[in-house]
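The values are calculated or read from the model by the stated rules, or taken from the named source; none is laboratory data. This structure is a prediction, so every number in the text was calculated from the model and none was measured. Counting neighbours? That spans all protein chains shown, and the Cβs are built from the backbone with ideal geometry, glycine included.
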Amino acid sequence: MHLKTDDLTRLEIVFESGMVPPPYSHIYKLKISFGKNFLDTTLDLVYTDREEITEQEVIDEGFTLDDDFHFQGEIPTVWEKPLKELYAKSKWSNNKLDEEGGINILTKDRHGKISRTTPLNQQEWQHFAQDYIQAIYEIDKKEAPLTLNYIVRDENKSLEINLTVKFSIRKVEVYLNGQPKEADWEETRTLLSYIFLPDYDYSKAKQKPPQQKGQFIDCGDGYWHEIGKGVINIDDSFDAVGKIKKGFANLIST
């Protein structure tokens with residue numbers, strides 16, 4: 001049963017990672033309540049099945065022995081409209097999730113009706129939930145806003161783009177050679193989805209901004225990678241590197 005969007009008082013996103021092995025396997029429950037001048041939010045993130053591997057194996061994969069996370073607090077209402085728009089346009093199934101895992105949605109309306117369904121547009125819901133959790137991490141001071149730097153240098157000009165992505169307020173701050181520019185949130189999110197697809201060869205990375213001709217990216221860790229040489233497509237069927245170059249070119253031209 002699909003409840004009327006305008007009547008919603010609470011929405012819960014429940015995710016299971018399915019057959020993903022530990023230490024990566026996890027579940028989370030994201031509870032979001034409407035009706036105030038903020039979104040009353042609770043997040044419970046739990047990593048699962050770690051008893052099947054050793055503590056050293058957990059650490060070797062870049063985790064700690066205490067990665068579970070709990071949050072209860074206020075998220076800005078700028079997130080309410082995109083969440084309700086996603087809910088309103090989604091198609092639903094009453095089938096249970098298979099072994100691949102995914103997201104289930106529970107909703108409650110002001111009349112007391114409750115609905116538990118599975119969205120067919122799983123990827124959209126997972127992307128939204130990931131962004132919302134990133135907003136939580138920023139507000140909780142668990143992580144700082146994402147920063148990216150990009151340089152385009154040829155014989156005629158040198159351009160440097162600085163991006164700060166603030167998930168907490170769904171805003172992107174862009175500076176081109178130190179001057180502020182307007183940037184669209186959704187377009188920038190699309191660009192971000194490409195940035196983390198290629199392989200970054202840290203053996204070729206530099207810790208100082210490069211001075212030679214080319215295009216270079218610093219993903220926020222202080223290491224500069226040359227596009228096309230230190231940043232390489234993993235999948236030959238999809239040109240993520242080309243998408244990155246085009247995305248930054250659009251930022252420069254708009």
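At-a-glance table
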item	result
Some residue of segment 120-129 being under 25 Å from Val231 (Cα atoms), out of contact with any Asp or Glu (no Cβ under 6 Å at 6 or more places or on another chain) and part of a helix (DSSP H, G or I)	yes
Residue match in segment 144-165 (condition: closer than 25 Å to Gly35 by Cβ and surrounded by 15 or more Cβ atoms within 10 Å (Cβ to Cβ))	no
Top-ranked residue in segment 58-94 [being aromatic (Phe, Trp, Tyr) and under 18 Å from the mean Cα position of the chain (by Cα); ranked as nearest to Ala129 (Cα to Cα)]	Trp79
Where Arg170 falls short, out of the listed (1) basic (Lys, Arg); (2) surrounded by fewer than 17 Cβ atoms within 10 Å (Cβ to Cβ); (3) farther than 15 Å from Phe248 by Cβ	(2)
Where Asn95 falls short, out of the listed (1) touching a residue at least 24 places away in the same chain (Cβ under 8 Å); (2) of a type outside the set (D, E, K, R); (3) more than 16 Å from Thr5 (Cα to Cα)	(1)
Residue satisfying all of: in segment 177-223; assigned to a helix (DSSP H, G or I) and not hydroxyl-bearing (Ser, Thr, Tyr); nearest to Asp235 (Cα to Cα) among these	Ile195
Residue match in segment 236-244 (condition: more than 18 Å from Glu160 (Cα to Cα) and among the acidic types (Asp, Glu))	yes
From Glu74, Glu57, residue being loosely packed, with under 15 Cβ neighbours inside 10 Å, assigned to a helix (DSSP H, G or I) and modelled with pLDDT of 95 or more	Glu57
Filter result (surrounded by 16 or more Cβ atoms within 10 Å (Cβ to Cβ) and over 30 Å from Ser115 (Cβ atoms)) within segment 44-54	Arg50
Test: Thr41 is farther than 15 Å from Thr117 by Cα, touching a Ser or Thr at 6+ places or on another chain (Cβ under 6 Å) and surrounded by 16 or more Cβ atoms within 10 Å (Cβ to Cβ)	no
Pick from segment 20-35, criterion in contact (Cβ under 8 Å) with a residue 24 or more places away in the chain and of a type outside the set (Ser, Thr, Tyr), ranking: surrounded by the most Cβ atoms within 10 Å (Cβ to Cβ)	Pro23
Near pairs, Cβ below 6 angstrom, 6+ apart or cross-chain, from segment 235-248 (closer than 11 Å to Leu191 by Cα and assigned by TED's automatic domain parsing to the domain that holds Phe216) to any residue that is of a type in the set (S, T, N, Q) and in a loop (DSSP other than H, G, I, E, B)	Ala240/Asn233; Val241/Asn233
Breaking point among (1) in a loop (DSSP other than H, G, I, E, B); (2) of a type outside the set (Ser, Thr, Tyr); (3) surrounded by 14 or more Cβ atoms within 10 Å (Cβ to Cβ), for Lys141	(3)
Residue match in segment 208-227 (condition: touching a Ser or Thr at 6+ places or on another chain (Cβ under 8 Å) and surrounded by 16 or more Cβ atoms within 10 Å (Cβ to Cβ))	no
Test: residue in segment 166-182 that is in contact (Cβ under 8 Å) with a residue 60 or more places away in the chain, more than 21 Å from Glu155 (Cα to Cα) and among the hydroxyl-bearing types (Ser, Thr, Tyr)	yes
